[in-house]
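Reviewing the structure listed below.
Bear in mind that the values in this text are calculations on the coordinates, not laboratory data. Source: prediction; values computed, not measured. Neighbour counts run over all protein chains shown; Cβ positions are idealised from the backbone, glycine included.
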Ligand SMILES: [Zn+2]
């Protein structure tokens with residue numbers, strides 16, 4: 001399969017380590033084999049239960065509410081109480097717009113349109129197994145993440161896989177369907193339009209030197225452990241935790257990180273909510289709708 005390179009991305013970042021052709025081919029096969037890039041069925045998009053942030057309303061004992069009309073003379077003006085600290089606004093960004101940093105893509109929530117392609121893709125100059133294309137903000141955040149991990153002793157990182165276009169996914173998925181039938185294809189690959197990789201906000205990460213690529217044992221490497229504990233600080237989310245397969249529809253993928261931005265990643269970390277579905281009150285998406 002050829003790698004997506006649509007809107008001729010700019011190059012940013014550091015110099016990459018170029019893999020040998022054989023390693024690249026192996027990586028592509030491995031990436032396809034991994035369920036890492038799954039999809040779902042048409043439009044069963046649930047409606048999010050959105051919680052508006054609490055609005056400050058004066059209580060009965062509030063001096064503002066209870067103060068009697070001030071006499072015309074020398075009574076000091078009532079002091080306005082400080083507003084309560086605002087809660088996290090879960091409606092600040094869209095979870096439906098594929099261009100939103102908070103878009104929730106799972107087996108019940110195809111991207112709309114299904115052939116969505118980001119407009120700000122860049123090719124990151126970073127160690128990689130495949131040309132690593134990201135949306136610009138995610139690319140910058142990945143460089144910061146890798147630099148912090150190395151500085152804090154986790155070791156070196158590389159990108160195994162990043163942006164994949166709709167066209168690439170069509171070709172990969174159809175290849176599996178013709179070879180194995182749809183049931184097995186759904187296990188091996190994502191249905192086009194349902195891969196989170198199509199958002200340009202995802203990195204499959206491996207250690208340098210390469211080991212446990214796209215395997216559960218990545219979670220036991222120093223890189224995998226550091227990422228699980230610290231990725232939130234740079235806006236990244238371990239998207240498919242081991243204990244949330246029934247919610248996300250994916251088995252444990254300790255290598256698959258989704259960029260959601262620092263505010264949301266921090267809020268999820270601080271509240272201990274580990275999936276986007278649970279955080280936004282969306283239905284679990286264990287399987288495709290049809
Ligand atoms: Zn992935």
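Take the Cα of residue 271, step 7 Å toward its Cβ, do the same at residue 137, and the gap between the two points is 1.9 nm.
Over region 134-221, what is the mean sequence separation of C-alpha contacts under 8 Å (at least six apart), divided by residue count, expressed as relative contact order in percent? List each step's numbers first, then the result.
Values: 98 pairs, mean separation 31.6, N = 88.
Worked out over region 134-221, it gives 36 percent.
Assuming R0 = 35 Å, can you tell me the calculated FRET efficiency for the pair residue 100 and residue 147, based on Cβ-Cβ distance, to the nearest 0.05? Step by step, r from the Cβ atoms, then E = 0.85.
Packing order of peptides 230-237, 274-281, highest average first: 230-237, 274-281 (average count of other Cβ atoms within 10 Å over each peptide's residues).
What order do you get for 217-224, 257-264 when each peptide is scored by the mean count of other beta carbon atoms within 10 Å, highest first?
Ranking, from highest mean packing down: 257-264, 217-224.
Between region 152-187 and region 215-263, the C-alpha centres lie 17 angstrom from each other. With contacts taken as Cα pairs under 8 Å and at least 6 residues apart, region 75-224 reaches a relative contact order of 24 percent.
Highest mean packing comes first when the peptides 150-163, 192-205 are listed by Cβ atoms within 10 Å, giving 192-205, 150-163. Taking every alpha-carbon pair under 8 Å whose residues sit at least 6 apart, region 164-290 reaches a relative contact order of 20 percent.
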